[in-house]
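The values are calculated or read from the model by the stated rules, or taken from the named source; none is laboratory data. Bear in mind the structure is a predicted one, so any value in this text is a computation, not a measurement. With ideal geometry, Cβ positions are generated from the backbone for all residues, glycine too; neighbour counts draw on all protein chains shown. Quick note on the areas: whole protein, heavy atoms, side chains included, nothing else; ligands and nucleic acids left out. Shrake-Rupley method; radii C 1.70, N 1.55, O 1.52, S 1.80 Å.
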Amino acid sequence: AWVQNPLPILFKQKLAAYLARFCPSPYCLVVHSCALHALGLKGDEILALLQRCAPREAAHLEGPLKVLASHPGPLKSWPAPEVEEAILQCAAAVYLDLPHISNYRTELHRSLGPALYPNLLALLAYVRTRHYWVEAHPGIAPAADRLVHEHLGGMTQEAPMLGQFLNE
């Protein structure tokens, strides 16, 4: 679901960090943020990703659905940032099991195609399982992770508000 998943690693980490907002433990949020920093994202870019409005209602997804609908599918190569963002938002809606979820699933399937869509679903299942695992192990601390040791300080120096966000 993660290692052999052909979705781009940067997209997988963005989606995992974004969805970590819905994990009851800060572990996933901190670790995936540090992983994004290791992949080259700056602290302010990570903060902007984490602060995006969660798609809680169908109205929040009208724009992303229009973007996907205007893009020919299935993907032949990974899309431009606007389309990637639409995929991320619709995937979050699937993860959150929002009403009218079949619309998001249908458009994601059409856009990603039969080769990548199952990989997206596997990734979402992995993220959910990881959140449950972290919740079941409340003693796990981000400070024990290598990525956190290597990236948290630099990342929060670049963007002090990110440090505040992660602490809250």
In debye, nearest 20, what is the charge dipole magnitude of the chain about its Cα centre with +1 on Lys and Arg Cβ and -1 on Asp and Glu Cβ, if you could check?
400 debye
Accessible-area value, Ser77, 1.4 Å probe, nucleic acids and ligands omitted, Å²:
80 Å²
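For the stretch 23-111, what relative contact order do you get, as a whole percent, if you take Cα pairs closer than 8 Å and at least 6 residues apart?
29 percent
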Return the FRET efficiency for the residue pair Arg146, Glu57: r is the Cβ-Cβ distance, R0 is 41 Å, and the value is rounded to the nearest 0.05.
0.60
Leaving ligands, DNA and RNA out of it, rank Ile46, Ile140, Ile101 by accessible area with a 1.4 Å probe, largest first.
Ile140, Ile101, Ile46
In Å², rounded to a whole number, the accessible area per residue of the chain with probe 1.4 Å is 51 Å²
For the chain, which span is the longest to avoid every loop-located (per DSSP) member of trypsin sites (Lys or Arg not before Pro) having at most 16 other Cβ atoms inside 10 Å?
77-168
Among (i) 26.4, 87; (ii) 15.8, 46; (iii) 33.5, 127, find the value of Rg and Dmax of the Cα atoms in Å that was calculated from the structure presented, and write down its label.
(ii)
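Given Cβ point charges of +1 (Lys, Arg) and -1 (Asp, Glu) and nothing else, what value in debye, to the nearest 20, does the dipole of the stretch 87-168 about its Cα centre take?
Charge dipole, the stretch 87-168, about its Cα centre: 320 debye, nearest 20.
Which order do Thr156, Thr129 take when ranked by solvent-accessible area (1.4 Å probe, heavy atoms of all protein chains), largest first?
Listed by decreasing accessible area, they come as Thr129, Thr156.
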Would you mind telling me the share, in percent, of accessible area of the stretch 3-140 contributed by carbon and sulfur at probe 1.4 angstrom?
58 percent
Counting only C-alpha contacts under 8 Å and six or more residues apart, can you give the relative contact order of the chain as a whole percent?
36 percent
Here, Leu96 and Glu168, labelled 7 Å along Cα→Cβ, have an inter-label distance in nm of 1.8 nm
In the chain, if the dipole is taken from +1 on Lys/Arg beta carbons and -1 on Asp/Glu beta carbons about the Cα centre, which of Val127, Gly113, Met161 is farthest to the positive end?
Gly113
State to the nearest 20 debye the size of the charge dipole of the stretch 1-66 about its Cα centre, where the only charges are +1 on K and R beta carbons and -1 on D and E beta carbons.
60 debye
